[in-house]
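What follows is a single structure, written as structure tokens, with notes after it.
The values are calculated or read from the model by the stated rules, or taken from the named source; none is laboratory data. Since the structure is predicted, the reported quantities are computational estimates derived from the model, not experimental observations. Ideal geometry is used to build each Cβ from the backbone, glycine not excepted, and the neighbour counts take in all protein chains shown. Please note that ligands, DNA and RNA were not included when accessible areas were found on the heavy atoms of the full protein model with its side chains. Shrake-Rupley method; radii C 1.70, N 1.55, O 1.52, S 1.80 Å.
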Amino acid sequence: MHRFYVSPANWNSPALALTGSEAHHARDVLRMKIREKLVLFNGRGREITAEITELGRDEIALRKLHEAETPPLRCRIVLGQAIPKGKNMELIVQKAVEIGAAEIAPIISDRTIVQLDSENASQKQAKWQQIAIEAAKQCGQNWLPHVHAPKKLAEFFSASKQAFDLRLIGSLQPDAQQLKKILETYSSEHGDRPRSVVMLVGPEGDFTPAELALARRHGCQPITLGPIILRVETAAMYCLSVLSYELLI
């Protein structure tokens, strides 16, 4: 069944309906008909199976058939991704949703090529959040990752009020450790796997030495991604895949 996003603010509305772009997509793109069934999700774990009862010009009225709740993933993984050039950030956001990231924090690093003013940053954030919604629709993810506004690395650490069990940063430095070893050390010291992890991935050319030093001061442990130098988008998917395998299953 086709899936549609309804924001948490509109989830408990007395009259269940699709409006705006979601109604347009169902009516004008998918050509859905009365009595067809669809699935709604609110990005916070709730899901409703519904039936179309009326196809209006401004909204599509629905009748709820069944409601379910999806528990959150075992570990909250936050991807702090230095913004790469081109459209690679769009691909990273899409794949981060599919792999199980809970939040995506775009980082404006010293080596970020893309120049963003406040207006452009807001537009980019909105576009990336919409890409996350579309990815969640496709992959059946009922927990929608929040895409933060782009920030410099120092601002990211200042704005991050929540404590993390583990902080990691991809690094090409010779003292970077294998992720498996870091996770084994954490488990042996705490008796369990971490429940929250922030993973920082650098831009083309990696984070600068100053940025790496800043991350270390904030408790980030450098990890190696293997002997082969990876492209930015590959590095992000690699890190999230390993963390998902080790911590979400």
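Numbers below:
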quantity	calculated
GNM result for the chain, Cα springs below 10 Å: residue of Lys37, Lys87, Lys137 fluctuating most strongly	Lys87
Under the Karplus curve 6.51 cos²θ - 1.76 cosθ + 1.60, θ = phi - 60°, whole-Hz ³J(HN,Hα) for the stretch 30-41, x wherever Gly or Pro sits	7, 6, 6, 10, 4, 6, 6, 9, 8, 10, 10, 9
Most fluctuating residue given options Ala236, Ala132, Ala17, as computed from a GNM of the chain linking Cα atoms under 10 Å	Ala17
Percent accessible area from carbon and sulfur atoms, the chain, protein chains only, probe 1.4 Å	50
Cα-based convex hull, the stretch 95-249, per residue volume (Å³, whole number)	120
The stretch 100-181 - percent relative contact order, Cα under 8 Å, separation 6 or more	43
Alpha-carbon centroids, the stretch 45-97 and the stretch 119-162: separation in whole Å	13
Computed label-point distance, nm, for sites His24 and Arg111 using a 7 Å Cα→Cβ extension	4.0
J(HN,Hα) series, the stretch 47-61, from Karplus relation 6.51 cos²θ - 1.76 cosθ + 1.60, nearest Hz, glycine and proline x	9, 10, 8, 9, 10, 6, 10, 7, 9, x, 6, 9, 7, 10, 7
Between the stretch 1-35 and the stretch 185-214, the alpha-carbon center distance in angstrom	39
Cα convex hull volume per residue for the stretch 1-157 (Å³)	125
Per residue accessible area of the stretch 129-171, 1.4 Å probe, in Å²	45
Violating pairs (Cα-Cα greater than 31 angstrom) within the set Lys137/Lys181; Lys37/Lys151; Lys64/Lys87; Lys87/Lys137	Lys137/Lys181; Lys37/Lys151; Lys64/Lys87
Among Val198, Val147, Val39, residue whose mean-square fluctuation peaks in a GNM of the chain (springs only between Cα atoms under 10 Å)	Val39
Theoretical FRET efficiency, 1/(1+(r/R0)^6), r = Cβ-Cβ of Gln173 and Leu248, R0 35 Å, to 0.05	0.80
Gain upon complete extension [Lys152, Ser187; 0.36 nm per residue less C-alpha separation]	9.5 nm
